[in-house]
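Here's the structure, in structure tokens; my notes come after.
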Ligand code: F6R
């Protein structure tokens, strides 16, 4: 894992956007795996700005998001489909049909998991997967204890995850208790991974990631077994003693 240290959230967002934009520009076509949450918002803002100023085109980009809440349709402002449309897709020249997010409102969620997993495979897999990290080490919505062999599946959200995400809802009761997420095996199949972390709330998670063993009780630890992981983290998120490139 290569760790790049940056000053703050703004710089993390800029470096992450530049990283993604360089890949988009270099490839004829690319499959990006995308994340939601607070962390990548600034990255998406830089990507939009760059699209407007430098005309980086997303016409040949296909995207697959990590996860979605179960029970929320794409028109619900708290759904991740809504988030992605608002925070990125509506502002760049991506073809909407090429943007994929699990359908949290499918009649048969088990079938939906299979369909999503197959869809990623039929498109040739993910070239670059963007990840955030939960304070309990979750990636996607793969909570501690999730099998490293898991493919796209339904999860019960940990109380800490529901509490962390309650800030987007009117109250905690409205946060769904289930989500559909790419599995850990799905994420690990990506050819390259970019993990973003900002703020002291993420410092313990990064400490476990760098200093701990690969263990299903800390899902992100599996990233140590992936051959091509870059972490862009700001000073506040980097634990003492971990040496990063600037
Ligand atoms: C989002 C996702 C989650 C978040 C993680 C961190 O699609 O899969 O794993 O990346 O919960 O969330 P933030 O960025 O809000 O701290």
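Here, each number is a calculation from the coordinates, and none is a lab measurement. Everything numeric in this text was worked out from a predicted model, so none of it was measured. Quick reminder, even Gly has a Cβ in these numbers, built from the backbone with ideal geometry, and neighbours come from all protein chains shown.
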Selected from 155, 95, 180 as most flexible by GNM, with the chain as the system and alpha-carbon contacts under 10 Å: 95
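If you take every DSSP beta bridge whose two residues both sit in segment 2-237, what share of them, in percent to the nearest 5, is antiparallel?
Rounded to the nearest five, the antiparallel share is 30 percent.
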Calculated P(r) of segment 2-237 - Cα pairs past 23 Å, %: 45
222 nm mean residue ellipticity, helices alone, for the chain (DSSP H n ≥ 4; -39,500 (n - 2.57); rounded to 500): -9000 deg cm²/dmol
Full-stretch length increase - residue 191, residue 107 - with 0.36 nm per residue and alpha-carbon distance subtracted: 27.1 nm
Label point distance in nm, residue 41-residue 170, each placed 7 Å from Cα along Cα→Cβ: 2.1
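Work out the FRET efficiency for residue 18 and residue 242 from their Cβ-Cβ distance, taking R0 = 22 Å, and round it to the nearest 0.05. Provide the component values of the computation, followed by the final result.
Details: r = 23 Å, r/R0 = 1.03.
Working from the Cβ atoms, E equals 0.45.
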Nitroxide proxy distance, nm - points 7 Å out along Cα→Cβ at residue 215 and residue 49: 4.1
Quotient of Cα Rg and 2.2 N^0.38 Å for segment 4-68, N being how many residues it contains: 1.11
Bridge type composition, segment 130-246 - antiparallel percent by DSSP, nearest 5: 45
Inter-site label distance for residue 154 and residue 95 at 7 Å from Cα along Cβ, in nm: 3.3
